[in-house]
1. Under the condition of being closer than 14 Å to ILE277 by Cα and of a type in the set (Phe, Trp, Tyr), which residue from the range 130-167 is nearest to the chain's Cα centre (by Cα)?
2. Going through GLU192, GLU178, GLU203 one at a time, which residue ends up being crowded, with 16+ Cβ neighbours inside 10 Å, assigned to a helix (DSSP H, G or I), touching a residue at least 24 places away in the same chain (Cβ under 8 Å) and charged (D, E, K, R)?
3. For ARG155, are the conditions met, namely being surrounded by 14 or more Cβ atoms within 10 Å (Cβ to Cβ), more than 30 Å from LYS222 (Cβ to Cβ), modelled with pLDDT of 85 or more and in contact with a helix residue (DSSP H, G or I) (Cβ under 9 Å, 6 or more places away or on another chain)?
4. Give the residue, chosen from LEU77, LEU82, that is in the same structural domain as LEU306 (by TED's automatic domain parsing), in a loop (DSSP other than H, G, I, E, B), aliphatic (A, V, I, L, M) and surrounded by fewer than 17 Cβ atoms within 10 Å (Cβ to Cβ).
5. Six or more apart or on different chains, Cβ atoms under 8 Å: show the pairs whose first residue is in the range 66-82 and touching a residue at least 60 places away in the same chain (Cβ under 8 Å) and whose second is of a type in the set (Phe, Trp, Tyr) and not in a loop (DSSP other than H, G, I, E, B).
6. Would it be correct to say that ALA353 is outside the structural domain of ALA104 (by TED's automatic domain parsing), farther than 30 Å from GLY46 by Cα and at pLDDT 85 or above?
7. Of (1) surrounded by 18 or more Cβ atoms within 10 Å (Cβ to Cβ); (2) at pLDDT 85 or above; (3) closer than 22 Å to LEU106 by Cα, THR15 satisfies all except one. Which?
8. Does the range 233-250 contain at least one residue that is within 45 Å of the chain's Cα centre (by Cα), of a type in the set (Val, Ile, Thr), assigned to a helix (DSSP H, G or I) and surrounded by fewer than 13 Cβ atoms within 10 Å (Cβ to Cβ)?
Amino acid sequence: MNYISELPAANTSSTSPSSPDKEPSAWDKFLWWMAAADPQLMKDCGPDRFRYTVIGYTVMATWIFATLAWGYFFSTLFNEMLVIIPAALFFGFVILTIDRGLIAGLNSNGGKNRWLTLSLRMILALTIGFFISQPVVLMLFQKDIDGHLPVVNERKITAYTQQVREENAVTLGQATTEVNRIRNEQLLKEQEIQDLKNAYIRETDGTGGSGKIGESTIARVKKMAYLKAEEDLIPWKRHTQPALDSALEQQKKTEAAIQARITEFKKTLSDGFLSRIETLDDLMIAHPPVKYRYRLVIMLIMLIELMPLLTKLMMPSGLYEEKVQDAVTEKKLAWLNDRAVLKELEKDFYEKAADSDRQLQADMMAEMDAWRRKEAELRLNEWKQSPGRIRQFWEGIKSRVLYFGRS
């Protein structure tokens, strides 16, 4: 048995140029749909079937990539998978629709403005690629971002704390100044009392100015001064205590308000999409090598988004494009012919209708002319039998038998 001659028969791939006449499978039709190609026109296009299958794979890869990117994006905003998965699938389908539209637009030659339309499609594809690249970059640098995020948040808290304290500096400063003034004055008075007490003690133990031991006259004078200073301190404290309490209360309230605003600000800090973008920007400033890797990743992701469009542009036009143009031309010519026939029918109808109206009008005019003559003759005979004023007779008959009654 000749096995070598039977080996080529095992090639059943409908996407290969070597088997262009095989009936396409459902998977082939799905890939052609991805590539914005008409399966009915593609059946007899030979090698173009393989070419559009490749384009379909690139579109499918971009669609899956965009869906995953959108999924990660929504995972930074929501925690429920019932929200993340439908949103990712929907926006991935939007990107798929846009890519199919861009490729479908390249099936036509574009006329004189081909390069203008091509440039607009490239700009749109680059814009989509740049936007999709953001969540992918965050996913790739996730560990670095998670490690640097507390540093950025702490910096935000410090800056916000400074801002809040600057806003309340006047109120807090006034309260603190008042508290310090009263307490300093109290310390001075207490120090004065202590000095007087020490002077009295030195007089009693013989180390004072008089050099006598015991309750001498000078010692008693200093004792009286010391005791009087202590007595004066009591009403002074009673008089200044409300002001001190008020200043302390104002200071406490201001500090509490500052801490409340700082606590509220801390609650707003999150690890969401925008926070991660900001952290990545700060990370690139702190570590320049990250910036170069970031740019490389952006370029790679944008090339992935451009891949279907570039694949379509790099592949030469084939039989399918010619069949598309022929189908469009055929449909256009058929429509133009139908429109010309319809216009001709409408023209013939209006011409015949006008002729019919003219004939009917002529017949009616003839009938009315015969009636008018009989009516005029009848009125004239009646007037002859009983003649009256001619002008009065004429005014009466012209409004009845003439087309234009005014003289």
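The values are calculated or read from the model by the stated rules, or taken from the named source; none is laboratory data. Only a predicted model underlies this, so the values are computations on that prediction, with no experimental measurement involved. Note: ideal-geometry Cβ built from the backbone for every residue, glycine included; neighbour counts use all protein chains shown.
1. If we take residues in the range 130-167 being closer than 14 Å to ILE277 by Cα and of a type in the set (Phe, Trp, Tyr), then PHE131 is nearest to the chain's Cα centre (by Cα).
2. GLU178
3. Working: surrounded by 14 or more Cβ atoms within 10 Å (Cβ to Cβ): no; more than 30 Å from LYS222 (Cβ to Cβ): yes; modelled with pLDDT of 85 or more: yes; in contact with a helix residue (DSSP H, G or I) (Cβ under 9 Å, 6 or more places away or on another chain): yes.
No: the conditions fail for ARG155.
4. Unique residue meeting the criteria: LEU77.
5. Matching pairs, first to second residue: ALA66/PHE91; TRP70/PHE91; PHE73/PHE273; THR76/PHE273; LEU77/PHE273.
6. It is true that ALA353 is outside the structural domain of ALA104 (by TED's automatic domain parsing), farther than 30 Å from GLY46 by Cα and at pLDDT 85 or above.
7. Result: THR15 passes all but (2).
8. First pass over the range 233-250, keeping only residues within 45 Å of the chain's Cα centre (by Cα): none.
So far as the range 233-250 goes, no, none of its residues is within 45 Å of the chain's Cα centre (by Cα), of a type in the set (Val, Ile, Thr), assigned to a helix (DSSP H, G or I) and surrounded by fewer than 13 Cβ atoms within 10 Å (Cβ to Cβ).
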